[in-house]
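One structure below.
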Amino acid sequence: MRDPGIHRPGELWPSAAYARQLERLRAAVGQTVYLVELDASDTQLAVRQTGRGQVLLDVLDFPRPDPVRGLAPHFVLLDDGRGINLGRILRISLGRAFDPSPAQLVYLDEPMQRRLLLGERKLSKAFIADRSRQLLGHLLGRDAPRSLEAPGEEPGEAD
């Protein structure tokens with residue numbers, strides 16, 4: 001699904017940009033980091049930013065990455081006891097939680113940020129109809145909802 005941005009069939013996943021960010025993340029182990037997390041369910045997507053820093057304890061391999069479900073090949077281990085897959089994180093920064101400078105960013109899922117936070121938002125009849133069909137199909141066991149796809153995308157475009 002994502003690079004952890006957008007993954008398209010035939011492209012290498014994860015990308016070289018992901019590998020570079022992984023190096024920056026590993027260099028930040030032991031420091032206080034600030035996260036912007038994605039909280040997705042079948043019906044909604046929320047972005048959570050508490051402004052509270054956590055110490056980054058380690059960056060570990062995730063045993064079952066899955067680009068279709070947005071699960072990246074690595075996760076971060078934090079001092080609050082959580083391990084979070086990088087596919088569920090929009091941004092990790094050092095020094096400040098809100099409006100960090102580019103130098104303070106150690107991880108940024110730029111395609112997802114552009115799409116979720118900076119993208120145009122419209123509640124149209126087509127969007128409502130498409131989402132209703134997806135959720136009804138899921139309830140009937142026919143197809144899993146494409147909860148992160150934008151309206152009008154073809155199946156597999158955002159997967």
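The values are calculated or read from the model by the stated rules, or taken from the named source; none is laboratory data. Note that the structure is predicted; figures quoted are calculated from it, not measured. As a convention, Cβ positions derive from the backbone with ideal geometry for all residues, glycine included, and neighbour counts pool all protein chains shown. All accessible areas refer to the heavy atoms of the entire protein, side chains included, with ligands and DNA or RNA removed. Shrake-Rupley method; radii C 1.70, N 1.55, O 1.52, S 1.80 Å.
Here are Arg91, Arg96: which of them is open to solvent by 80 Å² or more (accessible area, probe 1.4 Å) and touching a residue at least 40 places away in the same chain (Cβ under 8 Å)?
Details: Arg91 fails: open to solvent by 80 Å² or more (accessible area, probe 1.4 Å).
That would be Arg96, the only listed residue that is open to solvent by 80 Å² or more (accessible area, probe 1.4 Å) and touching a residue at least 40 places away in the same chain (Cβ under 8 Å).
Please identify the pairs in which a residue from segment 56-78 that is within 17 Å of Asp109 (Cβ to Cβ) and in a loop (DSSP other than H, G, I, E, B) has its Cβ atom under 6 Å from the Cβ atom of a residue that is open to solvent by 20 Å² or more (accessible area, probe 1.4 Å) and modelled with pLDDT under 75, counting only partners at least 6 apart or on another chain.
Between residues of segment 56-78 that are within 17 Å of Asp109 (Cβ to Cβ) and in a loop (DSSP other than H, G, I, E, B) and residues that are open to solvent by 20 Å² or more (accessible area, probe 1.4 Å) and modelled with pLDDT under 75, the close pairs are Pro67/His7; Pro67/Trp13; Val68/Asp159.
Regarding Arg115, is this residue within 28 Å of Gln49 (Cα to Cα) and either open to solvent by 40 Å² or more (accessible area, probe 1.4 Å) or modelled with pLDDT of 60 or more (or both)?
Working: within 28 Å of Gln49 (Cα to Cα): yes; either open to solvent by 40 Å² or more (accessible area, probe 1.4 Å) or modelled with pLDDT of 60 or more (or both): yes.
So Arg115 fits the description; yes.
Within segment 82-98, can you find the residues that are farther than 18 Å from Leu38 by Cβ and either part of a strand (DSSP E or B) or under 18 Å from the mean Cα position of the chain (by Cα) (or both)?
Let us first name the residues in segment 82-98 that are farther than 18 Å from Leu38 by Cβ, namely 94-96.
Residue satisfying the conditions is Leu94 alone.
Taking the condition in contact with a Gly (Cβ under 6 Å, 6 or more places away or on another chain) and either modelled with pLDDT under 70 or more than 18 Å from Asp99 (Cα to Cα) (or both), does Pro4 pass? It would help to see each step written out before you state the result.
On the way: in contact with a Gly (Cβ under 6 Å, 6 or more places away or on another chain): yes; either modelled with pLDDT under 70 or more than 18 Å from Asp99 (Cα to Cα) (or both): yes.
Spelling it out, Pro4 is indeed in contact with a Gly (Cβ under 6 Å, 6 or more places away or on another chain) and either modelled with pLDDT under 70 or more than 18 Å from Asp99 (Cα to Cα) (or both).
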